[in-house]
Amino acid sequence: MKWNLIRTKVLAALLACLVVGVGGILALTSYSFSRNSQALAVESVSGAQKLFTILEAREISKMTSVSEALVANPQVRDAFVARDRPRLLEFTAPLYSKLKSEGITNWMFHTPEPDMAVFLRLHAPAKFGDRLDRFLDKEVVRTHAMVAGNELAKAGFAVRILRPVNDAHGSVAGYVEFGEELGQFIHAMKSQTGDDYGLLLSKKFVDKQFWADSNAQWKRRDNWNDNPDFVVADNTTATGNIIKFQGDLASTPAEGKVLERIHDGDSVYVRGIFPIRDASGNTVGAMFVVRDISSVYQAMRHTRNVLVLLIVVSLSLGMALVLMLLNSLVFRRLQHIIAIATCVVGGDYESEIPSGADDEVGQLEQLFEQFRRVFVHLLSCIPELQEK
Amino acid sequence: MSKLYDLKVLIENKIKADGLDAVAVKGKIGLRSGRMLAFISPDTPDEPAAVAKLRQAAKEVLNINA
């Protein structure tokens, strides 16, 4: 390949255009995919946060309604005021099995302050008399009004409501509490959005032994040592591979944070996390959000491949066309001029340079033909050549 | 006879011997040497520069060492 030829230079320029075009398409699609995946991740996190808030409000509303109906029931109220545990259990146990199927997993009666001990656990009737001394307990004692919020117990994180139960004279006879494990929320959220979720709990707020006991009771693997700072209370994925987080849960911003995109085999995921605070405002856990964007990625990759193919084909055709045009309009005619000039110098004075086009090369052909005629006329005047 | 003329004869003989296109080959040599072979006669005076150029052109086009 001769680099001094115009043909080579034009070909090199067109090839450079091809490379730049393909590179540009690759960079553009990569940038576009990054932007889109970032937007999807942001949308996943904010959407999950909103959905979580809605579910939380809905469950609080449900438990509030149930508690209102309960404290208005004279049989239940009287049994509680009389501290008649078997009778209270008899009246409430049938209702508990129904509430449990609706997601309410915790139901407790507490004696009034100053003890505020557990009088009856519907979800564990044999266990009572202990004091929980949680933030919500203190709040309901302080306000003597219904309080609601998330509260992390030793082995679980639940949204709870506590309200006073008054006796017939209107005095506080104790408190009733309903609770729903937050771990259940993520399954409801997955069914609504299709995204995967993981509920992470900070180890600072979870008792290790209680966690181990709880896992043994529910026949779950003890995952305490899986992560240094938190435990995965529940998740919606078959494997925990895509739930990986290295940061500090407490430093997660309130609006949530988008984490890095990950590839797992042929699948591509965007991930994010938002904090979950308890009733006292502590960041005790976080919700991990994972959205599978493999279909978006595949579609983007398909579009990129089509664009690259289109650019390669169109530029290749363009290159062929440009080279063909240059060949027929310029190079071939220049070669013809060179051949005629050579023949004239070689002694063939009759060969003419035809000029059919009025383009730039045509003007050169006309000029050369005029020059050739002048030259031939000049030669005809030289006697030596007349003899030959 | 001049050296230039000898070279011209040598070139013409080579063209004949190889059956080449005389006009095209003479044209190429003429353009490279800057001198038309038709103008070279036995009386053409030798100029060292012209001889060297013609010799070089003959070598390049016909690969003959004169």
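The values are calculated or read from the model by the stated rules, or taken from the named source; none is laboratory data. Predicted model only: the values in this text are computed from it and were never measured. Because the Cβ atoms are built from the backbone with ideal geometry, glycine has one as well, and the counts that use them run over all protein chains shown.
Any residue at all in region A:84-105 that is outside any helix (DSSP H, G or I) and closer than 18 Å to A:Ala279 by Cβ? Yes, region A:84-105 has at least one match.
Only a single criterion out of (1) within 17 Å of A:Val10 (Cβ to Cβ); (2) free of Cβ contacts under 8 Å to residues at least 12 places away in the same chain; (3) polar (S, T, N, Q) is not satisfied by A:Thr342, namely (1). In summary, A:Lys127 fulfils each of the numbered conditions (1) assigned to a helix (DSSP H, G or I); (2) free of Cβ contacts under 8 Å to residues at least 12 places away in the same chain with the single exception of condition (1). A:Asp133 passes every criterion in (1) at pLDDT 90 or above; (2) out of contact with any strand residue (DSSP E or B) (no Cβ under 6 Å at 6 or more places or on another chain) apart from (1). For region A:228-251, a residue qualifies if it is modelled with pLDDT of 80 or more, surrounded by 13 or more Cβ atoms within 10 Å (Cβ to Cβ) and either among the hydroxyl-bearing types (Ser, Thr, Tyr) or in contact with a Leu (Cβ under 8 Å, 6 or more places away or on another chain) (or both), and the qualifying residues are A:Asp229, A:Phe230, A:Val231, A:Val232, A:Ala233, A:Asp234, A:Asn235, A:Thr236, A:Thr237, A:Leu249.
There is no residue in region A:237-256 that is over 23 Å from the mean Cα position of the chain (by Cα) and of a type in the set (Phe, Trp, Tyr).
Restricting A:Leu55, A:Leu51, A:Leu26, A:Leu40 to residues that are over 30 Å from A:Pro275 (Cβ atoms) and in a helix (DSSP H, G or I) narrows the list to A:Leu26.
B:Ala17: more than 11 Å from every other protein chain (Cβ to nearest Cβ), out of contact with any Ser or Thr (no Cβ under 6 Å at 6 or more places or on another chain) and assigned to a helix (DSSP H, G or I), yes or no?
yes
Within the set B:Lys26, B:Lys59, the sole residue that is among the basic types (Lys, Arg) and more than 14 Å from A:Gly347 (Cβ to Cβ) turns out to be B:Lys59.
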